[in-house]
1. Could you sort A:S332, A:S517, A:S651 by accessible area so the largest value comes first, with the probe set to 1.4 Å?
2. Before rounding to the nearest 500, sum -39500 (n - 2.57) across all DSSP H runs of length at least 4 in chain A and divide by the residue total; then give [θ] at 222 nm in deg cm²/dmol.
3. Can you give the Rg/Rh ratio of the protein assembly as shown, where Rg is from the C-alpha atoms and Rh is the Kirkwood radius?
4. Of A:K466/A:K791; A:K468/A:K615; A:K491/B:K57; A:K491/A:K573, which pairs sit farther than 29 Å apart, going by alpha carbon to alpha carbon?
5. Given the pairs A:K852/B:K87; A:K265/A:K315; A:K205/A:K348; A:K633/A:K704, which are separated by over 21 angstrom at their Cα positions?
6. Give me the aspartates and glutamates in straight-line cross-link reach of A:K179: C-alpha distance below 18 Å, same-chain residues under 8 apart excluded.
7. So between A:E925 and A:S82, what do we pick up on full extension, going 0.36 nm a residue minus the alpha carbon distance?
8. Hey, rough spin-label estimate for A:I789 and A:T997, points 7 angstrom out along Cα→Cβ, what's it come to in nanometres?
Amino acid sequence: MEKQALAALESAANIILAPPNLVSNEQRHNAEGVFLGFRKSKCPYAVCRQILETSNSDYVKFEAAEVLKCALIREWTFLQESDILSLRQYLLHYIISRDIPAFVQDKLLQVLAIMVKRGSVEDFGQDRGNILNDVEALFINGDSAKQILGCKLITNLMQEYAITVKSTDVGLSWEVHYKAKMNFEAVDLKRIFQFCVQVISEIIKSDTPFGDNVNNLLKHLLTIIESILSWGFMASSLPKKLIGLYEMVQRADHAPSLRLGMQWKSIMFAPQFLPLMFQIYWKVRDNDQLSHHAMTCLVQLASLNGGIMAEHTDKMLYIGAFMENFLKLITSVTIKSKESLGISQITKNIHLHFVHDVIALPKALQESYIDDLTRLTCCFIEGAATEEVDCDEKCYMDSFEIMLESWALLIQEYRQVTNDFLGQAATCIFNTYLKCHLSSPDGSRKQGTDLEVEEIEDDEDNDRTKFKDQLQTIGLFGRIVPDQALPILYKLLEDRTNKLRSHLHTMQSQAMSINDSVTLDNIFEDIHWTVLIAGHTLCMDSDGETPTIPSDLMRYSMDMNAKGLTNLDESLKVMASVQQLGNDAECSPLCDHAVRIFADVLKLCAIESSAAEVKLGHFMSPEVSCTLMWFLKRWSLSYLLPTESFYQEISPVLIGALGKDTEGANFVMNFVLAKIQSNICYYNSEPILLRDTVELFSDVVGIKSKSLYIVKTEGLWNLINLQSKLQAGMLPVNIRRGLYKGFVLAGTALKKDDEAVQYYDQILKPVQQRFKGVLCQENFNRIYQQDNIQKEIQDLLECFIGISKGATMGTVVILFKFLGPILSELPVLLNMYHNYQVIVQMILDLFGQCAKNVLCYLSVADSNQLYETTYNVVQVYAKCNQNRFSTEALNEEGNFQDLCLVMDLLTYILSKDCLDLNPLINQEEPTVAASDVALYGLRFIMPLMTLDLLKYPALCHQYYGLLTLINDIYPEKVCALPEDMLRKLLTSVEIGLTQFTADVAQPCLDFVAGLATHIFKHSMKQSAAYQALMPFLKLIMDLTLSQQICTDMVATASLCIYTLICCYSEQYQMLVQNMIQMQTDPAVAERLATEFNRLMANVPLTCDRHKLKFRDQFDKFICNVHGFLLVK
Amino acid sequence: MADMEDTHFETGDSGASATFPMQCSALRKNGFVMLKARPCKIVEMSTSKTGKHGHAKVHLVGIDIFSGKKYEDICPSTHNMDVPHVKREDYQLTDISDDGYLGLMADNGDLREDLKIPDGDVGAQLRTDYNAGKDILCTVLKSCGEEVVIAVKTNTALDK
């Protein structure tokens, strides 16, 4: 290499490394240019060697290594084997013998690793074996610096093999990467593992503390062992996409379980192996740098599974040995907050992979294991409670949650066999959890921050969301020992209720001091948590299934009753007494325990309502009210009016107190409805509370067996009458619609037609009359802008939205008879109020809700009516907003919101074509297709969809989603669009492919592929669509070849390209010829031509299953072509 | 001061005040509210509370409907806030006078010539469209005694 060139590189390096004040931007830019040019050099091997030998600049050496890397990847296939070998040997020698800075060394190690990997594709790992020999030699002869270098080399090698899907960097197709990885796993991974364990076992024989050098070496060795134990061993049968996902998750730091084959038996089952691994942890436990890696090894070992465990005896021996060592560890140390995570993960892994074996272990071992688990869990609960107050770390909280998951697995297993291990553990954990959430003297809750914290935003998660998982498991513990848990809960509730009552009593007569308010907050917090825990103990999360009474509690209630400890009469009396607030008398001990807790909650509700009535409502806590609403919802869903046929056995007390046609059930329903009414009256300034209240209402009436009774209660009619008296604009947003959804849902259960008609008349007529009353005023045209009229219209629209949301298959005919005529008035109203955004959006929303909830059940005639009004509404909206130019602040944001609603509407309309639940579907043929409505609507809306608006991600996704959906169902309709519309549509697809992110480009590719397939299959060469789609062949080819389409989407892109080639084979040939002719280097042109030939080899252009073959060949094509076409 | 007097004079025509009260919790996004004595459109509305067991407070962010300035306020959800009467009406543009006044015709045929051509982009657009002989619809925003053309729309064959 000429000296000048080297000097130029060195001076460029100096400029890049210079502080910003000494060089200008332009100089820096030029210097960068020098290196970018350098990276493109051809056959730079000799030059780079020379630089490594002679240059004084480390930066230039680093760049030389980078250049080597790029060139090797690009030119590998052109290189002579002997050249490669000599370069490889040279580099290894260079790294070992020279004193170079770490960043240069790392880069060179990477180059070496890439060379070894590429070489191993051809020699099946022979050369790699030689390198490993060299590394082992380094350990025997070398000093610690050499040993560390050996570790680094291994780490780099492993990195190259670990990931297959995303490592297209090395210029190999995925299959080849994958084969190389399998070969590496089979041949060398075990050897590396064995070797590293061997070295560590020697090291830790010496006494702690180790010196710095030794610690450093240990760190490297442990990292290697850790990554082998977390290695992604994969079955070869998985498709690439799954492996890609798997590798992505793995890289995001979720180690997969340790899945090994038979060939690892001798290592893993060697008697000294597990003790050694635990000993390693023991020795490095106090060193934060090392302990984490050693702990991860143990966590991974606790998950050992796969072919290696084929023999049951092996498994038992392994878990027995593991347990023994693990128990030794946890019983002899105080667990630190940092290691708590690892410990809990170990237990979880044990339970995930060995739970059957754990319960088969010797009784004594099991017993001490359960004891230790309990002790640790309690310790983590307490730790978590302290953490919350004292510090930002959440180690204990996280460990506690993992521990609970781990328990859940174990409990499930233990419940299959009878035993008495769990009772004590459950009591202990339940009590500790409760204690940590109660104030002193009963509990140990510290004066937390959030009781006093200044501002809490309401969009923050509340406790029942934040701690849902832990509360569920605590409830599970409670149900294991109901005789312990339920009495504690009702005692606590009754105690706090009395305190609250006496507090309120005092406050009625005297002003509140700061001290009082702290006490009151503490009472509220205690009630809040007790109710949360009670709710999770008494009821299980139903998650879409019908909620039922948990069988443990059913059994418990029956047992208590059978023993004469509870009876129905006393239980009923307690329920009936909840409204007698003055009465402090002890609750009857003969009351059923579940009923008693419920009665306590009802009593709290009654106190709240009566406090509001005497104008003390502002002392109550909305947070507690929300929790009470949540409890009532949960409880009513499971316990109120239970369906007897769901249960094998049923408690006479529960069915007697809450079953159908009982006075108790009637009382409870009216009580709950009265509470809802009271909240709406007195707490309408609390939006969150009202939201929870409405949710309680609509969830309970959503269950037919319950709503059948509710429609007959006095409470429901009271509620209906009360809310109808509330003036428009009194309630927070969305509350009115929630109520109407509930009213409409409640009628669903009415079986007889006349009953239903009568019911809905009572609900809907008043609303209809109000609507008529407003619209039919003589001077409506002049007064429509008045605020009271607007408020009334808004309120009515809220009602209509609620009504459409409550529609079900059984009621839709009645409801649409009511809604239909109203909807047809709305286009006119929209035109009138087009300057008033709130109303515009509500009208669009109403149509969207109707399309979503009502349309799918409608008959042909009714559907057509809805289509027509939808047409009109969209048209009016478009007319009012076309060519409109406004300077209003945030005008664009407003348009965005509107258009989102329109897109929603069109998408819902379209879905009628996919899912039509019209009961008469077999008897009548649709006369208008929903897709025509959607397309027609789109035609009006497209002029309003500016590029700026499409930059809103939500709108962008909706828009492209809709396009693709239409195209999926009806490509022929898209093809038949008028030319200008088709052009606009395709322009937006082009924008979607080029301007936005992958999740937009993906549906656009699908769109093109779908359309092309249709065009091909119907031989539509003469059509406008054929012409219009043609440019996409070149566009998508270019995007893919220039890597502007991300690697994840290459598969989709290749399918799309295949269909396009099928349509436009001549154009494709021309495109290929052009690309080849454009190459200046004849060798490249020739290779390109070869690759293009290979790409199409044996792929018939039939636009069918052959696309899969094309996809595979395209994958290889892209890999090969990128190497020389894209000199990056 | 003259402006202030105008304000009273203008809104006095129906004998009503320029605002009316509404409970804070019942306000809604995209609705209107007075913030710092200015009529604003609510662009953000969230609730918060003081302490876990405290009562709801409403946090409002509004944009002055005339100046586009941003205002914020936080108030207990039980309180009443003033809500401005806001009127937007469309007029047909008939003429632009030499001194920059617009000739506007309401739907019912009433004529008015008391509004000036607005500053900025809308004004420029208005002149261009008018000079091009287009059929122009002006949206006039009126609240708290202020009145201004806020948007223009050129009619096409599709309309009316």
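The values are calculated or read from the model by the stated rules, or taken from the named source; none is laboratory data. The model shown is predicted, which means the values in this text are computed figures rather than measured ones. Glycine gets a Cβ as well: all are built from the backbone with ideal geometry, and neighbour counts include every protein chain shown. Ligands, DNA and RNA are stripped out before the accessible areas are found, and what is left, the full protein with its side chains, is counted by its heavy atoms. Shrake-Rupley method; radii C 1.70, N 1.55, O 1.52, S 1.80 Å.
1. Working: A:S332 70, A:S517 40, A:S651 0 Å².
Final ranking, largest accessible area leading: A:S332, A:S517, A:S651.
2. Details: 53 runs with 809 residues, N = 1128.
My calculation for chain A gives -23500 deg cm²/dmol from helical runs alone.
3. Working: Rg = 37.5 Å, Rh = 37.3 Å.
Result for the protein assembly as shown is an Rg/Rh of 1.01.
4. Details: A:K466/A:K791 37 Å; A:K468/A:K615 34 Å; A:K491/B:K57 34 Å; A:K491/A:K573 18 Å.
Result: A:K466/A:K791; A:K468/A:K615; A:K491/B:K57 exceed 29 Å.
5. Values: A:K852/B:K87 33 Å; A:K265/A:K315 11 Å; A:K205/A:K348 31 Å; A:K633/A:K704 15 Å.
Violating the 21 Å limit, Cα to Cα: A:K852/B:K87; A:K205/A:K348.
6. Straight-line reach from A:K179, under 18 Å: A:E122, A:D123, A:D127, A:E160, A:D169, A:D188, A:E247, A:D1112, A:D1115.
7. Values: separation 843, 0.36 × 843 = 303.48 nm, distance 7.59 nm.
This chain segment gains 295.9 nm when fully extended.
8. In this crude spin-label approximation the distance works out to 4.6 nm.
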